[in-house]
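The values are calculated or read from the model by the stated rules, or taken from the named source; none is laboratory data. Quick caveat, the model's predicted, so the values are computed rather than measured. Counting neighbours? That spans all protein chains shown, and the Cβs are built from the backbone with ideal geometry, glycine included. For the accessible areas, the whole protein counts, side chains as well, though only heavy atoms, and no ligand, DNA or RNA atoms are used. Shrake-Rupley method; radii C 1.70, N 1.55, O 1.52, S 1.80 Å.
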Amino acid sequence: MVARAAPTGQPAATRRVGALASPWMAGALILLGLVAALVTYKVGGSLAVIASAQGSDALHPRPEWLATAGSPDTVRPFLRALNYLAIVWPALAFGILIGAAVRSVVPSAWIATLFAGSRARSPLAGAVAGAPLMLCSCCIAPVYTAVQERTSRVGSAGALLLASPSLNPAALALTFMLFAPEIALARVVAALVLVFAVSAVADRLHRAPDASVASCSLEAEGPHGPREAFAAFGREVGRLARTTLPVIVVGVLVSSLLLDLLPMDRLHAGSFRVGIVLLVGLVSLPLALPTFAEIPLALGLLGAGAPAGAAVAVMVAGPAVNLPSLLTVSRTTTPRHALTLAAGTYLAAVAAGLMVPS
């Protein structure tokens, strides 16, 4: 009996190691599968848009799902909000699913390795993680929430939030295709300032009440197997959807209401270049724009006689943040952090716009 103890003990130990490792393997497959599916979805759509722009040297707004022309003033904002949600819902679903995976099945050691570095490295980690996702500001908000809850600093989460729409490689490629080089370069420089400077300043100004790193669901419950990993992931999908979707939907609706109150027909009037750039940046900041929507807006401003700086301002401030994402930031961290990101985005957009000659 003693002679048989060692052989039988070894397989049991191996089984225990496998039992501990299998939920993390399932978690890795969940996260990598979602990211791969999102990148495939975004790249396919982006290549189609780029091909269309190459053929026409223009980029037209997407057709409306519900026509807003001629609708009553009281109904138009709701139709506009529904049109926006009809466009972005697949990407928003990906944002919730990826955020839920980060909250449920990504070990703390992985989060610490990627995001919890020095203040200088945090924005770089956020940029590397955010840019390939190519999500608009609304859709990256659930991922921002998940990353923020799993890290001790807001710098990396803020950089991710800003990098996904601002450093979208397809949007930047379209900008170089359709605009003068100085306009495209100004957009790239402003995007880099947002991701690396504004997020770092917001990190320094933010004072988190608790700097501890939250464990993922599997760590809190104890790993058992792939079934538990998928169950934890499913629970976090529901929780993240309940906590972020209402904020995003309300933000989209309020953003749509604000659009009717803003003097859009006067953005290109007059000859006061500085004032126009300031106003365009302010108008663009709260707007909920789907991916690439800032480009037709900028082309429309140029076609209407607005200065080049106005086009830069809308392409920097428009995609970087919006009212839904800022409300999400405020709820996840503090209103001070959201205001810092908004102010930094506005200043970067205006500065980039004023640097471009008319």
- Task: Have a look at Ala202, Ala171, Ala163 and point out the one that is among the small types (Gly, Ala, Ser), more than 28 Å from Pro357 (Cα to Cα) and under 17 Å from the mean Cα position of the chain (by Cα).
- Result: Ala202
- Could we say that Ile96 is assigned to a helix (DSSP H, G or I) and at pLDDT below 95 here? no
- Message: Looking at (1) of a type in the set (Val, Ile, Thr); (2) modelled with pLDDT of 90 or more; (3) open to solvent by 30 Å² or more (accessible area, probe 1.4 Å), which one does Thr8 not meet, given that it meets all the others?
- Response: (2)
- So which helices (runs of 4 or more DSSP H) stay within the range 259-358 end to end and still have 3 or more residues that are more than 16 Å from Ala141 (Cβ to Cβ) and in contact with a helix residue (DSSP H, G or I) (Cβ under 6 Å, 6 or more places away or on another chain)? 273-284, 294-303, 308-320, 335-355
- Query: Can we say Ala313 is without any contact (Cβ under 8 Å) to a residue 60 or more places away in the chain, closer than 13 Å to Arg187 by Cβ and over 17 Å from the mean Cα position of the chain (by Cα)?
  - Reply: yes
- Exclusive hit being touching a Lys or Arg at 6+ places or on another chain (Cβ under 9 Å), at pLDDT below 90 and not in a helix (DSSP H, G or I), set Thr74, Thr68: Thr68
- Note on the structure: Exception for Leu327 within (1) open to solvent by less than 50 Å² (accessible area, probe 1.4 Å); (2) touching a residue at least 12 places away in the same chain (Cβ under 8 Å) falls at (1)
- Query: What do you reckon, is Ala191 under 16 Å from the mean Cα position of the chain (by Cα), within 29 Å of Ser358 (Cα to Cα), at pLDDT 95 or above and small (Gly, Ala, Ser)?
  - Reply: yes
- Query: Restricting the search to the range 332-349, which residues are surrounded by 23 or more Cβ atoms within 10 Å (Cβ to Cβ) and either under 14 Å from Gly275 (Cα atoms) or of a type in the set (Phe, Trp, Tyr) (or both)?
  - Reply: Ala349
